[in-house]
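All of the numbers you see were taken from the coordinates with simple rules; none came from a lab. Since the model is a prediction, treat every value here as computed from it, not as a measurement. Counting neighbours? That spans all protein chains shown, and the Cβs are built from the backbone with ideal geometry, glycine included.
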Amino acid sequence: AGMVSASAGALSDYWGDWMRSIGATERVFEIIDSAPEGEGAAGAGRRLQGRIAFDGVSFAYPERPGRAALDDVSFAIAAGEKVALVGASGAGKSTIASLLLGFYRPDAGAIRFDGQTADALALADIRANIAIVEQEPSLFSGSIGENIAFAVAGRAVAPAEVEAAARLANAHDFIAAFPQGYDTIVGDRGVQLSGGQKQRVAIARALLRDPRILILDEATSALDSASELLVQTALEQLMRGRTTIIIAHRYSTIVKADRVLVLRQGAVAQQGTHAELLRQRDGLYFQLMENQLAMYRDSA
Ligand code: ATP
């Protein structure tokens, strides 16, 4: 008693929602957030250090054979390193995330975690070590507490743990302001949360999951600035000490990353720190930054 965990009812609603939306590729990411039953909860299996390598990875989606979404992609990310993936729409950023999460296998090359090929590891163990925060997280219909505790479905989570995660994620105050607090029902039959609030709930969920590897799909549309600041500081908490791959859209995020991987048409065009890349005046990165600046000037 007194334990919060995702109820069977909430779980089945969630999977129902997911199945309905399976047509949308970004929805596929939701599966990973939630330590599906039978795949072991986070922390149950092997704990990785968080080193990642792509070794000559090529991949075409089964729906589009012969058209490489990734073409001979190689990079290495140290444990705890923060890497921003940048590149035009369709350059392959999300595909890298999908392959990491094991939704697809490379046609050629290898993906390694801590030096071991993904094939040599159990998919459940890989997934238990990764959390993803999407740009528009969708919550299942259930209480806010259940939505956060869903990170570790399969084990009971003490309310104090849920609250601690919510506090770190800058979510506690808005949750506590509801008359029902953590028992407040969200979703179709409950209260609607703002985009920023949903993101903070998703961040609390990821914190509770305590993954070694984090994938952040950065929002393209800005939240209002108060909400933005709360989300940003919560994300910084979440990234601390974890290998982080950011599908980055914002200058501020890219500049803060330890390293930037610039993708063009499924290939790595450049990689290095922001400063290094900016010095290459004829490079794609310089051009992308110029475009960003031009857009900023136009909107100012
Ligand atoms: P964006 O910034 O728009 O999200 P991206 O850099 O993440 O783009 P990807 O989504 O990885 O790019 O797409 C890489 C290539 O693979 C594109 O040509 C895209 O059209 C194609 N692609 C992506 N998802 C699928 C899919 N599920 N089936 C077939 N082709 C796909």
Normalised contact order of region 210-252, rounded percent, pairs of Cα under 8 Å and 6 or more residues apart
68
Show the residues, 5+ positions off or on another chain, whose built amide H is closer than 5 Å to the amide H of GLY187.
LEU193
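Note down the relative contact order for region 189-300 as a percent, whole number, built from C-alpha pairs under 8 angstrom at least six residues apart. If you can, show how the numbers build up before the last one.
Details: 91 pairs, mean separation 21.4, N = 112.
Result for region 189-300 is 19 percent.
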What does the charge count near GLN237 come to, summing +1 for each Lys or Arg and -1 for each Asp or Glu among other residues with Cβ under 11 Å from its Cβ?
+3
Report ³J(HN,Hα) in whole Hz for each residue of region 141-148, in order, from the Karplus equation J = 6.51 cos²θ - 1.76 cosθ + 1.60 where θ = phi - 60°; Gly and Pro get x.
6, x, 7, 4, x, 5, 4, 6
Order these by the 10 Å Cβ neighbour count, fewest first: ARG200, ARG209, ARG67.
ARG67, ARG209, ARG200
Per residue of region 255-265, in order, report the coupling 6.51 cos²θ - 1.76 cosθ + 1.60 (Karplus, θ = phi - 60°) as ³J(HN,Hα) in whole Hz, putting x for Gly and Pro.
5, 7, 5, 5, 8, 10, 10, 9, 9, 9, 6
The extension gain from GLN280 to GLN116, computed as 0.36 nm times the residue separation minus the Cα-Cα distance, is 55.6 nm
Where nothing but the Cβ of Lys and Arg (+1) and of Asp and Glu (-1) is charged, how large is the charge dipole of region 167-300 around its Cα centre, in debye to the nearest 20?
340
Virtual paramagnetic centre 7 Å along Cα→Cβ of ALA76, amide N under 11 Å, in region 113-154
115
Please name which of GLY272, ILE247, ALA234 has its Cα lying farthest along the dipole of region 213-300 towards the positive end, using unit charges on Cβ (Lys, Arg +1; Asp, Glu -1) and the Cα centre as origin.
GLY272
Rank-order 255-263, 278-286 by packing density, defined as the average count of other C-beta atoms within 10 Å over each peptide's residues, highest first.
255-263, 278-286
Using mean Cβ contacts within 10 Å as the protection proxy, how do 123-129, 291-297 order, highest first?
123-129, 291-297
Residue-span extension gain [GLN135 to ALA158] - 0.36 nm each, minus C-alpha spacing
5.5 nm
